[in-house]
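Please read the structure below before turning to the comments.
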Ligand SMILES: [Zn+2]
């Protein structure tokens, strides 16, 4: 049954579902997106190697901007002066900005975390920076984000129950401060932490719903835990996440990880894999990953993927992409990135259509069969 839930700043409507998997529309201040959705990552205000026209051609409806990188260069105040991130990069569709928490966490020992916020040195000029949850919200609002993420501490993996608990509790106190600091008409998403501990995940979700959030993100996954541990958390959360708001699994992932998470009811994804791997010669296809650097492709007149309808597969051979890669030509990275993003967006479209048409079970069977993979058990 379709559900409609209106928020002051966004509208989310589930159109169809198949067990936990669902197809929904998310209306934001700069347009609507269809979910399950994949958000290409635009770290420095650009999805590497892709013009905005390219991105639109691939069917990308929303992209992700990195608060941490943009605040350091060229600076969020400068971007605000230049008309905001959308104007600066010439992208008129929705943008989700991360909070900077994950990047700061990635600095490891170089960052000092206190109740008030985080202290670290800029990797560019060594300048000491102190960032609070309030600063993170302010920066994202300066950028003009459509979906602002609450500032959190990503829990280490592996870690003890006690450490995961105190880390989660700090993130929840920060979440309450983010909620208070948030002033614009953007949507605000909270992030569930708690590591691999189910009761901590439940507690984190309860607190976020109490604080008030427009969407729920699952953070602190894909940080080193086993696939089984990740699936157990997804399985545990699948019937606890509110059905009337979007669910976002941060930093995921490979095509099979996305397909798997959709089965547990996840609506939104972001990952650097399609862009980063393209630059390393790894191309995603309907039959699995192809390494274009491999010798047999040197003389192959076939397209990257005979089932792909993108302009790269229509017009260029594996041999040509192999040649561009071997000669370090920038066009090689550009064409490979275009194909990979197109592949991801086509996959999302196929997922959405299959849910809409009540064919998701068949989609799953075909997806795993084509890759010669066993289909995992799915939600229990
Ligand atoms: Zn293609």
Tell me yes or no: at least one residue of the stretch 64-80 is at pLDDT 95 or above, surrounded by fewer than 20 Cβ atoms within 10 Å (Cβ to Cβ), in contact with a helix residue (DSSP H, G or I) (Cβ under 7 Å, 6 or more places away or on another chain) and at positive phi. no
Residue 283 vs (1) away from the ligand (no atom under 11 Å from the Cβ); (2) buried (at least 22 other Cβ atoms within 10 Å of the Cβ): all pass except (1)
Which residue out of 258, 341 is within 14 Å of the ligand (Cβ to nearest atom) and modelled with pLDDT of 95 or more? 341
Being touching a strand residue (DSSP E or B) at 6+ places or on another chain (Cβ under 9 Å), over 29 Å from residue 53 (Cα atoms), at pLDDT 95 or above and not assigned by TED's automatic domain parsing to the domain that holds residue 252 is true for just one of 369, 358. Which residue is that? 358
Is it fair to say residue 335 is modelled with pLDDT of 95 or more, within 14 Å of the ligand (Cβ to nearest atom) and either out of contact with any strand residue (DSSP E or B) (no Cβ under 9 Å at 6 or more places or on another chain) or more than 27 Å from residue 215 (Cβ to Cβ) (or both)? yes
Matching residues, the stretch 103-131, being within 23 Å of the chain's Cα centre (by Cα) and part of a loop (DSSP other than H, G, I, E, B): 107
Mind counting the residues in the stretch 290-328 that are loosely packed, with under 13 Cβ neighbours inside 10 Å and away from the ligand (no atom under 11 Å from the Cβ)? 8
Filter the stretch 350-371 for residues that are surrounded by fewer than 19 Cβ atoms within 10 Å (Cβ to Cβ) and farther than 17 Å from residue 17 by Cβ and give the result. 365, 366, 368, 369, 370, 371
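Limited to the stretch 114-140, what total is found for residues that are more than 15 Å from residue 177 (Cα to Cα) and touching a strand residue (DSSP E or B) at 6+ places or on another chain (Cβ under 8 Å)?
Total meeting the criteria: 8.
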Kindly indicate whether any position in the stretch 196-217 is in a loop (DSSP other than H, G, I, E, B) and under 30 Å from residue 333 (Cα atoms). no
Listed by first then second residue, the pairs whose first member lies in the stretch 62-81 and is not assigned by TED's automatic domain parsing to the domain that holds residue 146, whose partner is buried (at least 19 other Cβ atoms within 10 Å of the Cβ) and modelled with pLDDT of 95 or more, with beta carbons under 9 Å and at least 6 positions apart or on separate chains, are none
Residue ID - surrounded by the fewest Cβ atoms within 10 Å (Cβ to Cβ), chosen from residues in the stretch 81-102 that are assigned to a helix (DSSP H, G or I) and modelled with pLDDT under 95: 102
Cβ-Cβ below 7 Å, separation at least six or inter-chain, first residue in the stretch 333-348 and outside the structural domain of residue 315 (by TED's automatic domain parsing), second surrounded by fewer than 24 Cβ atoms within 10 Å (Cβ to Cβ) and assigned to a helix (DSSP H, G or I): which pairs? none
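The values are calculated or read from the model by the stated rules, or taken from the named source; none is laboratory data. Computed from a prediction, not measured in an experiment: that's the story for all the values here. With ideal geometry, Cβ positions are generated from the backbone for all residues, glycine too; neighbour counts draw on all protein chains shown.
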